[in-house]
1. Mind jotting down the distance between the C-alpha centroids of region 237-308 and region 86-103, whole Å?
2. Please find the FRET efficiency linking Ala215 to Ala305, where r is the Cβ-Cβ separation and R0 is fixed at 22 Å, and quote it to the nearest 0.05.
3. Nothing charged except the Cβ atoms of Lys and Arg (+1) and of Asp and Glu (-1): what's the magnitude of the dipole of region 26-167 about its Cα centre? Round to the nearest 20 debye.
4. When ranked by the protection proxy of mean other Cβ atoms within 10 Å per residue, highest first, what sequence do the peptides 93-99, 233-239, 201-207 form?
5. Going through the cross-link list Lys256/Lys294; Lys82/Lys232; Lys230/Lys294, which pairs have a Cα-Cα distance over 19 Å in this structure?
6. Given a 1.4 angstrom probe, what's the average accessible area per residue across region 148-256, in square angstrom?
7. On a full-extension model of 0.36 nm per residue, what is the gain between Leu128 and Arg280, subtracting their alpha-carbon distance, rounded to one decimal in nm?
8. Would you calculate the separation in nanometres between label points at Asp288 and Asp33, each defined as 7 Å from the Cα along the Cα-to-beta-carbon direction?
Amino acid sequence: METLHIEGIAAPVSRVGLGTWAIGGSMWGGADDAQSIATIRAAIDSGINLIDTAPAYGFGHSEEVVGKALEGLRDKAVIATKAGLDWPDGKVLRNATAARISTEVEDSLRRLRTDRIDLYQVHWPDPLVPHDETAMELEKLRREGKILAIGVSNYSPTQMESFRRKARLATVQPPYNLFERSIEQDVLPYAKQHGLVVLAYGALCRGLLSGRMHADTAFPIGDLRKSDPKFKQPRFRQYLAAVDALQRLARERHGKPVLALAIRWILDRGPTVALWGARRPDQLAGVDEAFGWKLSDGDLRDIDALLAQHITDPVGPEFMAPPARQA
Ligand code: NAP
């Protein structure tokens, strides 16, 4: 396992983190808790210590399952969770007020069965709350020892610049994978310039880059991929053709599956961690194949050419953004 340092966290952090959104059940067509717990423990056994969760994943359920799975294993894990969303009527909205966060942190500590959160991230910027207010609340929690490091997610460089006036920012969590690369224009250079670790979410583009999907792949009721524009024809066929081409390149040049190439590609882009969502232990079986090799400059050029050739109608992950509250 490759590791890196996150300011404020003593343990080396694995460069592959387990994403537990699907483990929360909602928006992914349900989850099996016993399988989820086995997956989290399999991740720890395979050297993945970073476990990324959030209160909004299953309205507390993902955090509860993570807390249960880590009973007796807490010191082997680096727990990253989030704050700044609310669901007053079952519908997720942004709320990053100090009052909301001071309630959320206690709920998360209880659900996670721990006395500290290693990395606490603002899930989405809240346009109704000044960055100073959110940042000062997180700084307060850090000084109290309830959280060890501070991160943001889905923030632009301008928003981070403002946030950093009042808080010591260690990480940023944007969408980033072979198919969703807008951060290369702004967030990635900003993170490199300011020494922030980038936790790349959707590392497999919601399973597309696993190499296991085909044109007939069906998703269960309640699975967000039913409304994800990438998974709608005729665009879905373009992405699948790109995956096939990447699979051939990975096999012929490196003897690896496309999933390992997708993870390696993220790791080769900078101070990055790839957040890999999994809900069954067998899904993590190939994790070792991402380590111990590198993509050459020629590989990177050829990958870009393959993507441009096959994906003529690209679309980003914007459909996932939760709305703000009414002003
Ligand atoms: P992802 O990692 O791109 O894809 C996860 C899905 O890929 C899994 O649920 C699984 O789907 C499939 N998969 C995984 N391993 C596989 C394998 N070996 N073979 C076949 N299929 C496999 O997507 P993600 O979970 O959305 O993103 C990762 C994590 O990033 C999340 O869990 C969450 O922690 C974080 N995230 C954060 C934000 C944010 O706003 N901060 C947003 C999105 C995600 P099936 O189980 O259906 O097969």
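1. That distance is 36 Å.
2. Here the calculated transfer efficiency is 0.40.
3. 280
4. Final packing ranking: 201-207, 93-99, 233-239.
5. Lys82/Lys232; Lys230/Lys294
6. Heavy-atom SASA per residue in region 148-256 reads 42 Å².
7. So the extension gain works out to 50.9 nm.
8. 3.3
The values are calculated or read from the model by the stated rules, or taken from the named source; none is laboratory data. Not measured: the values here are computed from a predicted model. Cβ atoms come from the backbone with ideal geometry, glycine included; neighbour counts cover every protein chain shown. Keep in mind that these areas ignore ligands, DNA and RNA; they rest on the heavy atoms of the full protein, side chains included. Shrake-Rupley method; radii C 1.70, N 1.55, O 1.52, S 1.80 Å.
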